[in-house]
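Visitor: This is the structure I want to talk about, given as structure tokens.
The values are calculated or read from the model by the stated rules, or taken from the named source; none is laboratory data. A quick note: this is a predicted structure, and the numbers were derived from the prediction, not measured. All Cβ positions, glycine included, derive from the backbone under ideal geometry; neighbour counts span all protein chains shown. Remember, those area values only see protein heavy atoms, side chains included, never the ligands or the DNA or RNA. Shrake-Rupley method; radii C 1.70, N 1.55, O 1.52, S 1.80 Å.
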Amino acid sequence: MNFETRNPVNGELLEAFDMLTNEQLEQKLSIAEQAADAWSCSVYAERSALLHAIAQQLTDNRQMLAETISLEMGKLLPEALGEVDKCAGACSFYADNAEQMLQDDLIETPARRSLVTYQPLGIIFAIMPWNFPLWQVFRCLVPALMAGNGLLLKHAPNVPRCAKAIEKLIRDAGAPEGLVTDLAISVEQAGLVIADHRVHGVAFTGSEMAGRQIAALAGQNLKKVVLELGGSDSFIVLDDADLNKAMDVAMRARFGNAGQICIASKRFLVVPSRMQEFTELMVSRVNELKHGDPLNPGTTLAPMSRLDIRDKVHQQVMASISEGARALTGCKPIEGAGYFYEPSVLDNVKLGMTAFNEEIFGPVAAIVAVRDEADAIAQANATRFGLGASIWTQDLEKGEAILRQIDVGCGFVNAQVASDVRMPFGGVKASGIGRELGISGIREFCNAKSLWVA
């Protein structure tokens, strides 16, 4: 069996990779255990030096890595370059700040001395998606290494080149053999890794369904788990919104990466006074998007990553229309080679429809009419997901107050929902458990050990 990587622009096979046998997997697990055990004894200066070296490797190989991303999963080259830069920035941030984040917490108790110390767990198993094939890995990998852990990576099967590039650049930066290991394995083999006694935590980013299965298996084996799953983020437009600024962000927030972003704005909740203007402006801007080769500077709409993902998006769009949503533009695959889908706008989307209830992981905007601010809050919360939300208003205090009432892991006033290495990132409800990034993220895979000296 093997993994195949295909160019989403034309569907052509780029390369095929053999999967590991169980014997090869066992050998890699053994080497990873030795590397993690040794790395857990390293000092922060050693860890920091490695992370700075990895950041330099990312910078030195920036163009090659970005082109690998674009060729393998279809991301526009400027977006891919930005992804590489973000990974380098995360390395530098944690290299400079992790020691302070993980310093002992002194606690006042009747003891002579009592404290909480943060120690590594061991090997973390990261199961990562294809839509940000470097960043999703690095936002788990970087804090894990700085906390003293090792990492096993099962990457998505359609981005094996990216997985191998990650392993190579970390090795070229001087990491010990086996500290970060790419595992080209099947779903069944991934279950064996989760259950293995040498693995101490699981990080997963992907679909809700897969996340539930991984969480169940991790729970059965008493493994710590962090899940970042799907989202149906709301983009709330109030009466006093700066509509031009909001639309500039809305286009990036919905159609960047061909809409294949967990924190993409998917439901646009608009009050009556701004509905017509917002809808007309969005349709106009969407119709200006140009699909094509993501390496071409003139391309503004990337292909979707895989044919099956495009097919699912179209099924969801057709289901929504049959339920009463109205197609304003797009709403069908683009004929010809490759996995392109027309940038699409649906309006008259309501609670209960597919475009409202489900995550549409593609270039499709769903416009939802809301009566007022209270109704916007209610409809924003009327989803099983809870990843992010943004609100557009000139009244910043009101915007913050409204976001406090929306059940999400991250809320933004007059800005695009995004991850920032300095802030915890994650969701609630069906969008996942646990946090990545910030001080919360690096402590997720640490043993918070209480010490009491009488």
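Visitor: Can you pull out the trypsin sites (Lys or Arg not before Pro) in the range 259-319 that DSSP calls coil and that have at most 14 other Cβ atoms within 10 Å?
Guide: Values: sites: Lys266, Arg267, Arg274, Arg285, Lys290, Arg306, Arg310, Lys312; in loops: Lys290, Arg306.
Hits after loop and neighbour filter: Lys290.
Visitor: Starting from the Cα of Asp242, step 7 Å along the direction of its Cβ; do the same at Met64; then give the gap between the two resulting points in nm.
Guide: 4.2
Visitor: Amide H neighbours of Glu15 under 5 Å, at least 5 residues apart or on other chains, H built in the peptide plane: list them.
Guide: It is Thr5, by chain and number.
Visitor: What is the range 361-454 by shape, rounded, prolate or oblate, if you read a ≥ b ≥ c off the alpha carbon gyration tensor as root eigenvalues and call it rounded for a/c under 1.5, prolate for a/b larger than b/c, and oblate otherwise?
Guide: Since a/c reaches 1.5 and a/b is larger than b/c, the shape of the range 361-454 is classed as prolate.
Visitor: Sum up the charges of everything whose Cβ sits under 9 Å from the Cβ of Thr300, counting Lys and Arg as +1 and Asp and Glu as -1, but leave Thr300 out.
Guide: 0
Visitor: Can I ask one more? Determine the dipole magnitude for the range 1-80: charges of +1 sit on the beta-carbon of Lys and Arg, -1 on that of Asp and Glu, nothing else is charged, the reference point is the Cα centre, and the result goes in debye to the nearest 20.
Guide: It works out to roughly 320 debye.
Visitor: Too long at a 22 Å Cα-Cα cut-off: which of Lys245/Lys398; Lys86/Lys429; Lys266/Lys332; Lys86/Lys223?
Guide: Values: Lys245/Lys398 18 Å; Lys86/Lys429 27 Å; Lys266/Lys332 17 Å; Lys86/Lys223 29 Å.
Where the Cα-Cα span goes over 22 Å, the pairs concerned are Lys86/Lys429; Lys86/Lys223.
Visitor: Ignoring everything except DSSP H segments at least 4 long, calculate the 222 nm mean residue ellipticity for the chain; use -39,500 (n - 2.57) per segment, divide by total residues, nearest 500.
Guide: -13500 deg cm²/dmol
Visitor: Determine the shape class of the range 42-190: with a ≥ b ≥ c the square roots of the Cα gyration tensor eigenvalues, call it rounded for a/c under 1.5, and otherwise prolate if a/b is greater than b/c, oblate otherwise. Present the calculation step by step, with values, prior to reporting the outcome.
Guide: Numbers: a/c = 2.37, a/b = 1.79, b/c = 1.33.
Prolate is the answer for the range 42-190, as a/c is 1.5 or above and a/b outweighs b/c.
Visitor: Oh, and also: Could you list the trypsin sites (Lys or Arg not before Pro) in the range 384-454 that lie in coil according to DSSP, counting only those with at most 15 other Cβ atoms within 10 Å of their Cβ?
Guide: Arg384, Arg404, Arg422
Visitor: Okay, next question. May I ask you to work out the translational diffusion coefficient for the range 226-337 at 25 °C, viscosity 0.890 mPa s, via Stokes-Einstein with Rh from the Kirkwood sum over Cα pairs, reported in whole µm²/s?
Guide: My calculation gives 158 µm²/s for D.
Visitor: Show the residues, 5+ positions off or on another chain, whose built amide H is closer than 5 Å to the amide H of Ser265.
Guide: Residues meeting the criterion, in which the H sits 1.01 Å from N, are Arg254.
Visitor: Leaving out ligands and nucleic acids, and using a 1.4 Å probe, what accessible area per residue does the chain come to in Å²?
Guide: Value for the chain: 41 Å² per residue.
Visitor: Rounded, prolate or oblate: which fits the range 301-397, taking a ≥ b ≥ c as square roots of the Cα gyration tensor eigenvalues, rounded meaning a/c under 1.5, else prolate when a/b beats b/c?
Guide: Numbers: a/c = 2.17, a/b = 1.83, b/c = 1.19.
The shape class here is prolate.
Visitor: Give the long-range amide H neighbours of Val226: residues separated by 5 or more places, or on another chain, with amide H under 5 Å away, using H modelled in the peptide plane at 1.01 Å from N.
Guide: So Val226 has HN proximity to Val202, Ala203, Phe204.
Visitor: Now for a separate question. Which is the longest stretch in the chain that no exposed loop site breaks, taking sites as GluC sites (Glu not before Pro) with a DSSP loop state and at most 12 other Cβ atoms within 10 Å?
Guide: Excluding the exposed sites themselves, the longest stretch runs over 336-454.
Visitor: For the range 224-235, just list the computed ³J(HN,Hα) in residue order, Karplus coefficients 6.51, -1.76 and 1.60, θ = phi - 60°, integers in Hz, with x standing in for Gly and Pro.
Guide: Each residue of the range 224-235 in turn: 4, 9, 10, 10, 10, 10, x, x, 9, 4, 9, 10 Hz.
Visitor: Then there is this: What are the ³J(HN,Hα) values, in whole Hz, obtained from phi via the Karplus relation 6.51 cos²θ - 1.76 cosθ + 1.60 with θ = phi - 60°, for each residue of the range 310-327 in sequence order, with x given for Gly and Pro?
Guide: 4, 4, 5, 4, 5, 4, 5, 5, 5, 5, 5, 5, 5, 8, x, 5, 10, 7
Visitor: For the range 253-263, just list the computed ³J(HN,Hα) in residue order, Karplus coefficients 6.51, -1.76 and 1.60, θ = phi - 60°, integers in Hz, with x standing in for Gly and Pro.
Guide: 6, 10, 10, x, 6, 6, x, 8, 9, 4, 9
Visitor: Taking a label point 7 Å from the Cα of Asp37 along the Cα→Cβ vector, which residues of the range 190-223 have an amide N closer than 18 Å to it?
Guide: Under cut-off, by backbone N: 196-201.
Visitor: If you don't mind, another one. State the antiparallel share, in %, of DSSP beta bridges confined to the chain, rounding to the nearest 5. Mind dumping the intermediate values first?
Guide: On the way: 22 of 61 bridges.
Rounded to the nearest five, the antiparallel share is 35 percent.
Visitor: To continue, here is another question. Express the carbon and sulfur contribution to the solvent-accessible surface of the chain as a percent, rounded to the nearest whole number, probe 1.4 angstrom.
Guide: 52
Visitor: Between the range 5-59 and the range 61-100, how many Å separate their Cα centres?
Guide: Between the Cα centres of the range 5-59 and the range 61-100 lies a distance of 16 Å.
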